[in-house]
Amino acid sequence: RASGGLSALPTMCLCHLQTLASVAGVALLLCVGAKGNCTNVVVNELDNGSYAESYVPADACEVTLPGGTWISHHQYEDLGLETITVAGPSSLSKHKNGARELRQASKLFVDWLNVKRGGLSVGSRRFGMNLAWVDDAKHKVQVSNATARALRLDNVRFGVAGYGSSLTEYTALQAKADQIITISAGASGDDIYMDNPYMFGFLPGVTRKKRDLYSSIRDMSAKVDVAWDSSSSPDDRPCGRMGCRPTLRFAEISNSCRSAWREVTMKYFPESSPCEKISREASDDTLRLILRRLKSNNVTLLELNSLELSEIHSITKIMEALDFNVHALICPAMVLSSDFAQMALFGWWQSSYILDGAPWVETHGGAPGEYSGMSSEEFARRYYAAWRATPTYRAAAQFAAFCALSQSIELAASLDSQEVAQQLHNISLQEFYGTIRFGLTGLVNMPYVTVQAPGVERRGLRGKPQVVYPAQTSSAPFVFPKPTWKQLSCRIKHACFGNGQCTVSGGCECDKGWFGTKCDEPETVHELLSISQNESGKIQKLLSMSNESIQELLLMTGAEESAEPEDVIELRTFAIWAAIVMASISLVMCLWRGCRCRSRLVVTLLDMLAEAVSREDHDAIARARLRLAICGWSRQTTGSLVRGIRQRQSEESGISLSYLLSDQFLELAQRRSGVEDPTFYELGDVFFSKDQGIGALDVCPRDGRIGCAFVDTLPPKYRKASTHFLSWAWSYKVSTVREALESWLSTQEGTRAEDVFLF
């Protein structure tokens, strides 16, 4: 409960208070239910690290949970309606973005249902919907007890599962024991829903996911081979001399290697290595040993399954160090996560072009929902407005799950589990998420699309993950095979200065008119630098010429055939001195112009240009462009370069801490919001909306269109490359954020506010 204290807590049937905790101002009630004659699914950890469940009758339906276990409620009391509660386990005390995203989507639906739709219509009655979660501690031993506790809370009629297949497996057993319909959008394990008429999964099964993802890779490898020009050298093939399809060799690193998954893998990739199972505490040395073994086995497809993002990060770093290149790298349930995007944004370039499968992405959703009336774009907009985060397919699936449950309740005109379950089994609901229709196993029957993480550019990543397969609905090309680590490193370090392409070996293949190891020397500079060598060769050639050769030269130029030997000698001497003079002039020209344009100087000029752009010093920009023009750079090239620098600096810029702490910012916030101490929600429209926000009428340096970010409107001294990442909530007041930043700064010895720029 957000407020009201103990007196305002709802009365729960036969519950007694055990623990009351307060987190961020929310009172959390822990109680033991007693509804009579129940079966508890008890999970025990065995000595070998595996888990076993047992069914224990419980006359009082009591469940054992650790003291201080959290229970979170999302309740409506003033609707003037009867209410039902949907409850289940969730990782409340353990930070888990997937679990939080499911809760946020659930709250978004309940808010929409109760406020916008006026609740559920059940026959002649209307019901509001509330939510409750019991902490599962992200642990198998606790999750079934947390499920039992949740399903036995007062007024609970339906269940909602938490995040993760390994946990939902035990939630499903408890839901079946209690005979309560439970919806799940956080687990795709096929066996979870087998022989369980009370469990309904809204993520297509993991077997379907693997099948669709593997099919896209196999199909793409064949297309690459067909597109290869057979008239060129076999060494030019993208995947090597043998091609892509014949060299597909699969391997998997996972915390839970499953035989069912192995069968699917072998069907698509017969040349596969056994799954490498690792523990959560696997050291870098262990990972390095495994990766060396896979490299020696010529593995070209690697799947990192059921791993934490930190483990995937370590594995890709080690792969780069070992120069272990694969055609494709697969990371299920990761590429679309906010944590993945966050790490990629701050330097994890090894995440480029990683593959994942998804049943839904914002730009690839279906028609507007029959129950919700929302399109994919509207759902994403509502979700972002509520939580300031971009929803993944898990959030869309959770919202759609509640839509399906609600429609089934209304079609059944009843809250009875058997009648609602029958409606769910027969449902065919078109939602923005897709067509919701269940197969024999209680899992939705929907296809997965293949999603690919964005590639690198200099100093960072650009864009969002894109749908790359199937081709008819893709939003970007399928990059296959994945570029080599050396190729990606070349792109991130200098990208051949935009004048060529990084090769698989990490070098540069220069465009026409450019030379140098990094393609940073224009053709005119290259010619000047080679003049002295060319003239030196001419002198040596003249000195070695015989009299007969000189006479032939005279004949070619129309000289008298009767020239005497003395004339020949004089001509030879004159030619030598003329060549020496020409070489001297060329050397002077080189020293005056060409030698000043060597690679090191060009890099210096580019840095000067970038610095001038960041300061908006138009005179300095003009001087730098002039010097680059002397080195042979065209006006169009330097103009494009300036635009690119502005785009990159805008994408990487942070707002100055000194500005946020200044009276100038405080006065601006107060004036535009009309509130003395506004929250950031109150600043949302007046600062950031596309119609009336600051920068709404300014040109964006990122795409050249009208409407730019707030940070782009600030003077240069208040916006520079980010130095720190700041996490905060829109519900905070400006004074809270400023006081917290001042407090933090006081602990950073030697750090000035002018030197800190926040992303």
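The number of residues in segment 141-184 being assigned to a loop (DSSP other than H, G, I, E, B) and touching a strand residue (DSSP E or B) at 6+ places or on another chain (Cβ under 8 Å) comes to 9. Taken over segment 351-382, the criterion of being more than 14 Å from CYS403 (Cβ to Cβ), assigned to a helix (DSSP H, G or I) and not acidic (Asp, Glu) is satisfied by SER351, THR363, HIS364, ALA380, ARG381. The set of residues in segment 110-121 that are open to solvent by less than 10 Å² (accessible area, probe 1.4 Å) and in contact (Cβ under 8 Å) with a residue 60 or more places away in the chain comprises VAL110, LEU113, LEU120.
When each of ALA624, ALA620, ALA629 is tested for being without any contact (Cβ under 8 Å) to a residue 12 or more places away in the chain and out of contact with any strand residue (DSSP E or B) (no Cβ under 6 Å at 6 or more places or on another chain), the lone residue that passes is ALA629. Within segment 467-475, at least one residue is open to solvent by 10 Å² or more (accessible area, probe 1.4 Å) and out of contact with any strand residue (DSSP E or B) (no Cβ under 9 Å at 6 or more places or on another chain). Taking into account only those residues within segment 88-103 that are open to solvent by 10 Å² or more (accessible area, probe 1.4 Å) and at pLDDT below 95, which is nearest to ALA395 (Cα to Cα)? Step by step, filter segment 88-103, then rank; the result is GLU101. For the residues LYS107, LYS138, the requirement of being in a helix (DSSP H, G or I), under 24 Å from TYR393 (Cα atoms) and open to solvent by 10 Å² or more (accessible area, probe 1.4 Å) singles out LYS107.
Within segment 622-656, the set of residues being of a type in the set (Val, Ile, Thr) and over 27 Å from LYS512 (Cβ atoms) comprises just one member, ILE655.
Assessment of segment 509-516 against the conditions (outside any helix (DSSP H, G or I), open to solvent by less than 50 Å² (accessible area, probe 1.4 Å), closer than 30 Å to ARG627 by Cβ and modelled with pLDDT of 85 or more) yields at least one matching residue. Looking at the structure I just gave you, is LEU131 at pLDDT 95 or above, in a helix (DSSP H, G or I) and either surrounded by 19 or more Cβ atoms within 10 Å (Cβ to Cβ) or β-branched (Val, Ile, Thr) (or both)? No.
Applying the set (1) in a loop (DSSP other than H, G, I, E, B); (2) within 25 Å of ILE645 (Cα to Cα) to GLN501 leaves exactly one unmet item: (1). Once segment 354-390 is narrowed to residues that are within 28 Å of MET220 (Cβ to Cβ), crowded, with 21+ Cβ neighbours inside 10 Å and touching a Leu at 6+ places or on another chain (Cβ under 9 Å), the residue that is modelled with the lowest pLDDT is VAL361.
Which members of segment 307-327 meet the condition of being outside any helix (DSSP H, G or I) and either over 17 Å from the mean Cα position of the chain (by Cα) or surrounded by 20 or more Cβ atoms within 10 Å (Cβ to Cβ) (or both)?
LEU307, ASP323, PHE324, ASN325, VAL326, HIS327
If only residues of segment 185-196 that are part of a helix (DSSP H, G or I) and in contact (Cβ under 8 Å) with a residue 40 or more places away in the chain are counted, the one that is surrounded by the most Cβ atoms within 10 Å (Cβ to Cβ) is TYR193. Residues that are touching a Leu at 6+ places or on another chain (Cβ under 7 Å) and of a type in the set (D, E, K, R) do occur in segment 91-114.
Number of residues in segment 263-297 that are modelled with pLDDT under 90 and either loosely packed, with under 13 Cβ neighbours inside 10 Å or outside any helix (DSSP H, G or I) (or both) equals 9.
The values are calculated or read from the model by the stated rules, or taken from the named source; none is laboratory data. Note that the coordinates shown come from a computational prediction; the quantities given were computed from them, not determined experimentally. Don't worry about glycine lacking a Cβ; one is built from the backbone with ideal geometry, like all the others, and counts go over all protein chains shown. The protein model used for the area step is the full one, side chains on, heavy atoms only, and it has no ligands, DNA or RNA in it. Shrake-Rupley method; radii C 1.70, N 1.55, O 1.52, S 1.80 Å.
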